[in-house]
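In what follows, a single structure is set out as structure tokens and then discussed.
The values are calculated or read from the model by the stated rules, or taken from the named source; none is laboratory data. Not measured: the values here are computed from a predicted model. Don't worry about glycine lacking a Cβ; one is built from the backbone with ideal geometry, like all the others, and counts go over all protein chains shown. Accessible surface is based on the protein model in full, side chains and every heavy atom, while ligands, DNA and RNA are left aside. Shrake-Rupley method; radii C 1.70, N 1.55, O 1.52, S 1.80 Å.
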Amino acid sequence: MGKDFKRYLITSALPYANGAVHIGHLAGVYVPADIYVRYLRNRGRDVKFICGSDEHGVPITIKAKQMNCSPQDVVDKYHKIIKDSFERFGISFDIYSRTTSEIHHRTASEFFRKLYDEGKFIEKESEQYYDEEAGQFLADRYITGTCPKCGAENAYGDQCEKCGSTLSPDELINPKSAISGSNPVKRKTSHWYLPLDQYEPWLKKWILEDHKEWKTNVYGQCKSWLDGGLQPRAVSRDLDWGVPVPVEGAEGKVLYVWFDAPIGYISNTIELIPDEWEKWWKSEDTKMVHFIGKDNIVFHCIVFPSMLKAYGDGFILPENVPANEFLNLEGDKISTSRNWAVWLHEYLDEFPGQEDVLRYVLCANAPETKDNDFTWKDFQTRNNSELVAIFGNFVNRAVVLTHKYFGGKVPSRGELSELDRDILSTVPVIRESMENNLENYKFREALKEAMNLARLGNKYLTETEPWKLAKSDMTRVATILNISLQLCADLAIAFEPFLPFSAAKLNGILNVGKMEWDLIGNDKILAEGHQLNEPVLLFSKIEDSVIEAQIEKLNRTKQENMAKAAAKEAEEVPEYAPAKEECTFDDFMKMDIRTATVLEAERVPKTDKLLKLTIDTGLDKRTIVSGIAEYYTPEEMVGKQICILANLAPRKIRGIESKGMILMSKEENGGMKIVSPEERMGNGATIG
């Protein structure tokens with residue numbers, strides 16, 4: 001297990017307070033974090049679980065304009081929704097605070113000021129977009145335009161939500177201010193930057209050499225950033241919402257939210273334990289673990305550690321950052337702007353008393369190593385076939401039979417058979433596997449082992465058939481039910497980190513208080529003669545009608561989104577190039593247009609626009625050089641079926657012989673798309 005630590009500081013990503021929490025957030029961050037924390041507590045570890053709302057930044061101000069209210073009104077609304085939802089869902093934070101708190105503003109300001117006074121920042125002047133009508137500099141999210149990659153309208157200055165490409169404002173075609181709609185101009189402004197490049201050698205050793213045990217997705221993304229070379233990163237920006245930059249002459253500037261937010265872990269700890277916070281943040285006896293989604297890896301593995309390194313004063317660094325991938329919904333990417341999500345607060349209202357069902361499904365299907373998909377049918381199947389039919393069924397049978405034959409009292413153990421000893425010896429093996437998986441952040445595997453414990457119990461009852469033996473051998477029935485009840489107690493402990501509400505319910509049935517982890521495998525948890533309470537069902541079957549209602553709800557959302565997109569498209573009349581001169585039929589027939597498939601694709605060195613494609617035309621394999629690198633990555637092109645002008649005279653482009661031309665559609669705003677057959681055809685099919 002590595003070094004023994006005296007205390008465990010567990011943080012989970014601060015949810016952004018411009019909307020509610022959805023299942024993607026839960027599966028990626030909060031369910032795994034809560035499982036880990038509950039496990040540590042059950043093992044008697046000293047744990048602090050820290051979180052809070054991230055309440056600064058441009059999206060908050062945009063939301064405020066949309067809602068016609070102040071940014072503070074926005075964060076107050078969503079902070080309450082998020083906090084209440086977490087509490088109802090059983091996420092067991094020691095503190096859930098917020099970055100608009102006075103203590104956070106003070107902590108973040110002091111953090112910046114120390115680095116500023118020690119010369120840890122560099123100040124740079126740059127040109128940024130400025131809205132002359134609104135009289136303010138525009139953050140990336142306040143600039144919209146046409147995506148240079150896919151041609152989608154209303155892409156943001158930092159990202160296109162349609163194709164997912166990361167952008168910069170300078171890349172947008174026809175940029176507009178999202179505030180006034182006017183064309184922004186470039187103006188000079190000064191900001192402070194954290195010179196990440198200065199910390200690159202240290203980061204390479206700390207991550208690439210000292211933390212090879214990190215998850216492959218985390219390690220790989222860090223390596224990619226470090227191999228590409230780090231650049232100074234701005235820690236301030238021109239905005240009127242956030243922690244003011246505590247420097248004279250910095251009016252109208254606030255701390256950049258990426259710099260401000262992680263300091264929230266520190267300020268929230270100070271708020272929780274003001275007299276003891278330093279031993280949690282500045283002692284080598286503390287193990288710090290950040291639970292985040294993959295979109296936050298760079299901030300928690302490269303940027304925040306660099307901030308702590310720059311600050312010095314004994315701040316510890318994370319031992320691990322077990323980031324998950326993304327969870328999709330019914331085959332489509334979760335999108336808050338399209339309302340394509342299952343919102344936690346809505347789920348809790350619509351599925352009262354079934355918090356653990358969602359916790360179970362999100363863990364069983366967790367996107368630990370790759371993006372996974374949540375479907376309502378899978379949700380129903382896992383509940384009915386696993387929670388009800390395996391876990392709940394075993395517990396109910398064991399308790400009901402005990403009440404039937406022994407008045408609800410734990411019967412005596414008696415003499416053990418070889419089967420009994422095999423069952424009892426298997427429990428410590430399952431426990432060890434669970435511990436190994438939990439300690440290494442493999443929560444999905446740990447949950448499988450917990451369910452294997454329930455399967456073991458079901459199999460045992462099925463094989464021994466105590467209801468039949470009751471006619472002839474009650475001594476043997478007593479032994480079987482004693483062992484079955486000990487397994488029920490094991491299950492209550494093993495499932496507590498995953499299903500806290502159900503574990504508490506099972507404790508109530510067994511008439512015991514919460515039990516510590518180390519009791520798992522102790523085959524005499526429940527004493528002979530211990531009185532059980534009346535049996536109640538741990539889980540209830542979910543009917544088809546309930547699931548159909550949720551699917552219909554999503555279908556309505558999909559139809560609304562399609563209607564909005566159609567209306568928007570109808571409003572936007574694109575400009576096209578004027579018609580070209582008339583050509584004859586014979587002219588047209590000279591063109592040999594065919595389908596082809598891209599076999600290989602790579603960027604042409606020292607160019608921004610060119611891709612070298614190896615294609616199968618059905619007649620031959622050939623090379624085409626095409627200026628589409630602004631719109632398509634090499635990875636996107638491989639396997640794509642395209643249409644080509646096959647008999648275009650060859651020509652050399654950057655020293656590469658190009659034989660043919662790809663057919664593209666182009667709008668005057670600069671958007672370009674490859675022309676492909678509607679349905680896949682054989683390579684070499686002629687078009688004309």
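Of the numbered criteria (1) of a type outside the set (Ser, Thr, Tyr); (2) exposed (fewer than 14 other Cβ atoms within 10 Å of the Cβ); (3) at pLDDT 90 or above, the one residue 564 fails is (3). For region 652-679, the tally of residues that are on the phi > 0 side of the Ramachandran plot and modelled with pLDDT of 85 or more stands at 3. Can you say whether residue 208 is among the aliphatic types (A, V, I, L, M), in a helix (DSSP H, G or I), farther than 24 Å from residue 155 by Cα and free of Cβ contacts under 8 Å to residues at least 60 places away in the same chain, as far as the supplied structure shows? Yes; evaluated as a whole, the condition is true for this residue.
Residues in region 567-586 that are open to solvent by 100 Å² or more (accessible area, probe 1.4 Å) and either under 30 Å from residue 343 (Cα atoms) or assigned to a helix (DSSP H, G or I) (or both) were compared, and the one that is modelled with the highest pLDDT is 585.
Test residue 17 against the stated conditions and say whether it is in contact with a strand residue (DSSP E or B) (Cβ under 8 Å, 6 or more places away or on another chain), more than 21 Å from residue 257 (Cα to Cα), crowded, with 22+ Cβ neighbours inside 10 Å and not charged (D, E, K, R). It is false that residue 17 is in contact with a strand residue (DSSP E or B) (Cβ under 8 Å, 6 or more places away or on another chain), more than 21 Å from residue 257 (Cα to Cα), crowded, with 22+ Cβ neighbours inside 10 Å and not charged (D, E, K, R). Within region 82-114, the set of residues being crowded, with 22+ Cβ neighbours inside 10 Å, β-branched (Val, Ile, Thr) and in contact with a Phe, Trp or Tyr (Cβ under 9 Å, 6 or more places away or on another chain) comprises 82, 91. Within region 127-147, being in a strand (DSSP E or B) and at pLDDT 85 or above holds for 127, 128, 129, 130, 131, 137, 143, 144, 145, 146.
Of the numbered conditions (1) in contact with a Pro (Cβ under 8 Å, 6 or more places away or on another chain); (2) polar (S, T, N, Q); (3) open to solvent by 40 Å² or more (accessible area, probe 1.4 Å), residue 633 fails exactly one; give the number of that condition. In the conditions (1) in contact with a Pro (Cβ under 8 Å, 6 or more places away or on another chain); (2) polar (S, T, N, Q); (3) open to solvent by 40 Å² or more (accessible area, probe 1.4 Å), residue 633 misses (1) alone.
One residue stands out in region 115-146 among those that are of a type in the set (Lys, Arg) and touching a helix residue (DSSP H, G or I) at 6+ places or on another chain (Cβ under 6 Å): the one that is surrounded by the most Cβ atoms within 10 Å (Cβ to Cβ), namely 120.
Considering the conditions (1) aromatic (Phe, Trp, Tyr); (2) under 23 Å from residue 75 (Cβ atoms); (3) free of Cβ contacts under 8 Å to residues at least 60 places away in the same chain; (4) open to solvent by 10 Å² or more (accessible area, probe 1.4 Å), residue 304 is excluded by exactly one of them, (4).
Of the residues making up region 406-438, those that are open to solvent by less than 60 Å² (accessible area, probe 1.4 Å), farther than 15 Å from residue 461 by Cα and hydroxyl-bearing (Ser, Thr, Tyr) number 3. Entry remark, region 449-498: residues being free of Cβ contacts under 8 Å to residues at least 60 places away in the same chain and of a type in the set (D, E, K, R) number 7 in total. Candidates in region 322-344 are the residues that are over 14 Å from residue 26 (Cβ atoms) and more than 14 Å from the chain's Cα centre (by Cα); of these, the one that is least open to solvent (accessible area, probe 1.4 Å) is 340.
Does residue 612 qualify as being within 30 Å of residue 155 (Cβ to Cβ), modelled with pLDDT of 90 or more and either open to solvent by 100 Å² or more (accessible area, probe 1.4 Å) or in contact with a strand residue (DSSP E or B) (Cβ under 6 Å, 6 or more places away or on another chain) (or both)?
Spelling it out, residue 612 is indeed within 30 Å of residue 155 (Cβ to Cβ), modelled with pLDDT of 90 or more and either open to solvent by 100 Å² or more (accessible area, probe 1.4 Å) or in contact with a strand residue (DSSP E or B) (Cβ under 6 Å, 6 or more places away or on another chain) (or both).
Cβ separations smaller than 8 Å between residues 6+ apart or across chains give the following pairs from region 391-419 residues that are at pLDDT 95 or above to residues that are part of a helix (DSSP H, G or I) and of a type in the set (Phe, Trp, Tyr): 401/467; 411/405; 419/460.
Conditions tested, residue by residue: (1) outside any loop (DSSP other than H, G, I, E, B); (2) within 30 Å of residue 675 (Cα to Cα); (3) over 30 Å from the mean Cα position of the chain (by Cα).
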{"residue": "150", "(1), (2), (3)": "no, yes, no"}
{"residue": "153", "(1), (2), (3)": "no, yes, no"}
{"residue": "163", "(1), (2), (3)": "no, yes, no"}
{"residue": "182", "(1), (2), (3)": "no, no, yes"}
{"residue": "187", "(1), (2), (3)": "yes, no, yes"}
{"residue": "191", "(1), (2), (3)": "yes, no, yes"}
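Considering only residues in region 204-226 that are in contact with a helix residue (DSSP H, G or I) (Cβ under 9 Å, 6 or more places away or on another chain) and exposed (fewer than 13 other Cβ atoms within 10 Å of the Cβ), the one that is nearest to residue 440 (Cα to Cα) turns out to be 213. Taking the conditions (1) surrounded by 11 or more Cβ atoms within 10 Å (Cβ to Cβ); (2) farther than 30 Å from residue 411 by Cβ; (3) in contact (Cβ under 8 Å) with a residue 60 or more places away in the chain in turn, residue 589 satisfies each one other than (1).
Residue-level check: of (1) open to solvent by less than 40 Å² (accessible area, probe 1.4 Å); (2) at pLDDT 95 or above; (3) touching a Phe, Trp or Tyr at 6+ places or on another chain (Cβ under 9 Å); (4) not hydrophobic (A, V, I, L, M, F, W, C), residue 238 misses just (2).
Restricted to strands (runs of 3 or more DSSP E) entirely inside region 614-688, those with at least 3 residues that are within 22 Å of residue 150 (Cβ to Cβ) are 621-626, 641-645, 664-666, 672-674.
Filtering region 258-295 down to residues that are charged (D, E, K, R) and in a helix (DSSP H, G or I), which residue is farthest from residue 218 (Cα to Cα)?
Here the answer is 271.
Got a sec? Which of 291, 315, 304 is at pLDDT 95 or above, over 21 Å from residue 201 (Cβ atoms) and aromatic (Phe, Trp, Tyr)?
Of the residues listed, the single one that is at pLDDT 95 or above, over 21 Å from residue 201 (Cβ atoms) and aromatic (Phe, Trp, Tyr) is 291.
Would you mind stating whether residue 662 is in contact with a Gly (Cβ under 6 Å, 6 or more places away or on another chain) and either within 21 Å of residue 588 (Cβ to Cβ) or surrounded by 14 or more Cβ atoms within 10 Å (Cβ to Cβ) (or both)? No. Screening region 148-203 for residues that are surrounded by 15 or more Cβ atoms within 10 Å (Cβ to Cβ), β-branched (Val, Ile, Thr) and modelled with pLDDT of 85 or more and picking the one that is nearest to residue 66 (Cα to Cα) gives 173.
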